[in-house]
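See below for the structure under consideration.
The values are calculated or read from the model by the stated rules, or taken from the named source; none is laboratory data. None of the values given here were measured: they were computed from a predicted structure. We place every Cβ from the backbone using ideal geometry, glycine too, and count neighbours over all the protein chains shown.
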Amino acid sequence: MPDFEKDLDYPSSRFTRICKLVNSALYPDLEIKAGADEKERKKRHRRQKELFLNAKQRFENVQKKQSANSHAYRREEKRFLNAEKLYGREDEGFREAKFKKILSLGRLDLEPYEVRSFSNTVLMVLMIIFIVVSAGVIMITDFDIFYIVPCAIATFMIPGLLSFYIDRYPYMRARRMRALTVGRMPEAIHYLSLSMRLTPSLDRAVKYAASSLPEPLSSDLRKVLWDVYMREYSSVEESFIAFAYDWSDWDEDFKRSLYMVRSAALERNTEGINRVLDKANQIIIDGTKGKLEEFSNSLKIPTMILFAVGIMLPLLLAILLPILGIGNEWTWLTVIVINLVLPVGILAYAYSILGNRPELTTPPDIGKVISPAKRGFIIFICFLACGALVTLGVILLDKSIFASLLFVWAVGLPISIYGYFTNREAKGKARAVRRMEDEYPEALFQLGNRIAEGKPLETALEKTAITMKNTLISKLFGKISYKLQVTRSSLKKVLYGPEGLLARSPARTVKNTMHTVVEASSKDPKTAGKTIMLISNYLSELKKVEKELRGRLEEVTGMMTQTAIFIAPLVMGVTVILYQLLAVNLQTYDIPEEMNVELFGFGQDTISPTVLAVSIGIYLIQLMLVVGYFVSRIDFGKDMIELKNNISIFLLIGLTCYSLAMMVTYFIGGAYVTNFTIL
């Protein structure tokens with residue numbers, strides 16, 4: 001019992017801590033006031049119900065005595081419809097209960113009134129701050145319309161957007177938790193089924209699944225048992241049914257599969273148990289495939305929007321700046337739009353899209369593979385490279401447009417160096433783990449087949465290792481067989497003892513499923529072999545589903561990758577040089593005074609080409625970071641190793657293409673413009 005209590009102590013999120021801190025500081029009596037408001041709501045609801053019933057009774061009486069054209073009939077009908085409208089609105093208590101369920105699913109230890117109070121507080125405080133700051137800026141600038149408009153937009157938009165985000169955050173978090181859980185559902189049903197096949201005991205199956213699954217389903221299943229210990233339910237079966245029912249609003253397939261697992265506990269023979277459990281696994285696999293297909297189909301339009309806003313819009317902005325005659329006074333606003341508003345917007349949009357991605361597999365937990373001294377040396381090299389590039393850029397600042405490249409590389413190169421060299425060893429180990437997990441289903445099938453034939457476990461492991469020679473899984477099976485024969489220890493001790501072969505293994509799939517192999521090995525050979533082959537079939541099916549998902553998403557991720565590291569850098573590099581060419585021409589073009597025309601601002605002092613080039617280059621880095629994050633999360637889920645690898649490669653290739661595009665464009669068109677020299 002104490003272990004379950006510890007496991008159920010969910011860590012509070014930053015959102016929860018900040019929300020509680022602000023509310024406790026500003027509204028110490030918030031809970032009392034919320035309780036009083038709840039009583040008032042219930043009292044008001046009872047009055048509305050009473051008015052509705054009275055109006056209904058009067059209208060029914062009038063219907064019996066008066067005709068439909070009489071004044072009394074029309075009066076009572078109008079009263080009845082008004083009362084029905086008031087009473088028939090969605091009950092606030094129902095909305096409150098629904099919101100509480102959302103908070104629970106999102107692992108937010110908050111009450112609905114705490115979220116609303118925090119949202120309103122942020123709105124009021126930010127509005128006051130922005131009004132004061134905007135008023136000061138407007139007065140300092142002598143009521144210049146150029147400053148009034150941005151200040152007004154910021155004052156009314158930013159506080160409202162943040163307040164709206166706080167209101168919607170529990171829903172977004174719950175949606176992401178659900179997406180995370182969807183990918184774990186087949187695994188949960190699989191572990192429940194395996195335990196039920198070996199020992200038809202529901203509480204034993206729940207405990208085994210809870211110990212094998214990652215969060216959040218692990219804690220959910222532990223709570224099934226904890227609710228029984230706390231006497232909230234009288235039996236595990238009752239608590240398990242309640243747990244299944246809680247998923248009715250979120251995933252009907254998972255609920256049906258859980259009901260099937262519960263039904264298997266009522267079967268009296270092995271054949272009936274296996275038939276019901278096979279049905280449960282089939283339901284959840286088919287349901288997961290449907291959700292994956294739905295997710296892949298839903299990505300087409302969002303990625304098109306991401307492409308249009310993230311790439312085409314800044315390019316169009318850079319091209320139009322000199323044509324529209326936007327001068328130096330717009331520099332700071334242009335930089336804010338390009339390097340703050342657009343990156344934050346596309347990152348938020350990408351994050352929202354990824355909130356629907358089901359997580360099928362858990363990335364390997366490699367841990368820290370690089371020493372602090374080596375990490376410190378890499379950081380020193382990054383700072384050294386950044387400092388050298390910035391210094392050289394300052395020296396060439398007034399002499400060449402290519403000085404902007406040095407500032408851009410000063411930002412992008414250290415990120416690429418740090419991501420690659422701190423991630424290189426971990427990437428090699430992670431790929432070895434994935435390779436072993438890919439080989440694992442075939443090895444399990446051969447192992448189960450040999451055990452079913454009646455061979456001892458040691459012999460079956462040795463024969464499987466020989467058959468699958470030159471693979472990583474064969475080395476593991478060979479070591480297990482050797483230790484079993486030499487030490488004469490149990491399989492459980494060899495695998496999970498203090499010096500066990502899997503005690504600290506990052507291969508979570510191998511580590512967890514071998515628990516079932518340990519338990520199955522104590523059964524008769526036929527049962528043990530069949531159980532191990534069932535594990536193999538399930539893992540093969542899961543790999544097939546994951547491969548199918550990646551195949552469906554390959555078109556999307558491929559397009560985004562090519563755009564981020566090739567097309568966008570090339571077009572942005574060309575755009576920067578063309579802007580420089582156009583800006584020089586406009587500033588050197590003499591318009592006769594007698595013509596008295598402005599030509600959309602031609603001839604004005606435009607934004608500095610170097611400033612714009614640095615701004616575009618920094619935006620390119622931000623774009624590659626966002627696209628690298630997006631593609632990595634789509635392909636590999638929450639795998640930080642692949643994320644670092646993608647970002648480091650994206651930055652290196654993208655900045656190289658950007659630099660080459662600038663140089664080639666300059667050498668082609670720079671010779672035709674005076675005052676446009678490389679040095």
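Looking at this structure, is E215 out of contact with any strand residue (DSSP E or B) (no Cβ under 8 Å at 6 or more places or on another chain), assigned to a loop (DSSP other than H, G, I, E, B), without any contact (Cβ under 8 Å) to a residue 60 or more places away in the chain and closer than 28 Å to G637 by Cβ?
yes
When Y233 is tested against the conditions (1) in a loop (DSSP other than H, G, I, E, B); (2) aromatic (F, W, Y); (3) within 27 Å of K291 (Cα to Cα), the lone failure is (3).
Within region 497-504, not a single residue is surrounded by fewer than 18 Cβ atoms within 10 Å (Cβ to Cβ) and in a helix (DSSP H, G or I). Screening region 446-477 for residues that are more than 19 Å from K530 (Cα to Cα) and among the hydroxyl-bearing types (S, T, Y) and picking the one that is nearest to the chain's Cα centre (by Cα) gives T471.
Within region 153-173, is there a residue that is part of a helix (DSSP H, G or I), among the charged types (D, E, K, R) and touching a Lys or Arg at 6+ places or on another chain (Cβ under 7 Å)?
The answer is no, given that none of the residues of region 153-173 is part of a helix (DSSP H, G or I), among the charged types (D, E, K, R) and touching a Lys or Arg at 6+ places or on another chain (Cβ under 7 Å).
The helices (runs of 4 or more DSSP H) located wholly in region 1-81 that include 2 or more residues which are modelled with pLDDT under 70 and loosely packed, with under 12 Cβ neighbours inside 10 Å occupy 2-7, 30-65. Filtering region 349-380 to residues that are surrounded by 13 or more Cβ atoms within 10 Å (Cβ to Cβ) and of a type in the set (A, V, I, L, M) leaves A350, I353, L354, L360, I366, V369, I370, I378, I379. Counting only residues that are over 29 Å from the mean Cα position of the chain (by Cα), free of Cβ contacts under 8 Å to residues at least 40 places away in the same chain and either closer than 20 Å to Y629 by Cα or surrounded by fewer than 17 Cβ atoms within 10 Å (Cβ to Cβ) (or both), how many does region 386-434 have? Looking only at that region, the number is 8. Total residues in region 376-404 satisfying the condition of being within 17 Å of G419 (Cβ to Cβ) and β-branched (V, I, T): the figure is 3. Residue-level analysis places R231 among those that are without any contact (Cβ under 8 Å) to a residue 12 or more places away in the chain and at positive phi. Between I370, I338, I378, I346, which is out of contact with any Cys (no Cβ under 9 Å at 6 or more places or on another chain), closer than 27 Å to P506 by Cα, of a type in the set (A, V, I, L, M, F, W, C) and part of a helix (DSSP H, G or I)? Result of the check over I370, I338, I378, I346: I378. The set of residues in region 279-296 that are closer than 27 Å to Y349 by Cβ and in contact with a Lys or Arg (Cβ under 8 Å, 6 or more places away or on another chain) comprises L292, E293, F295, S296.
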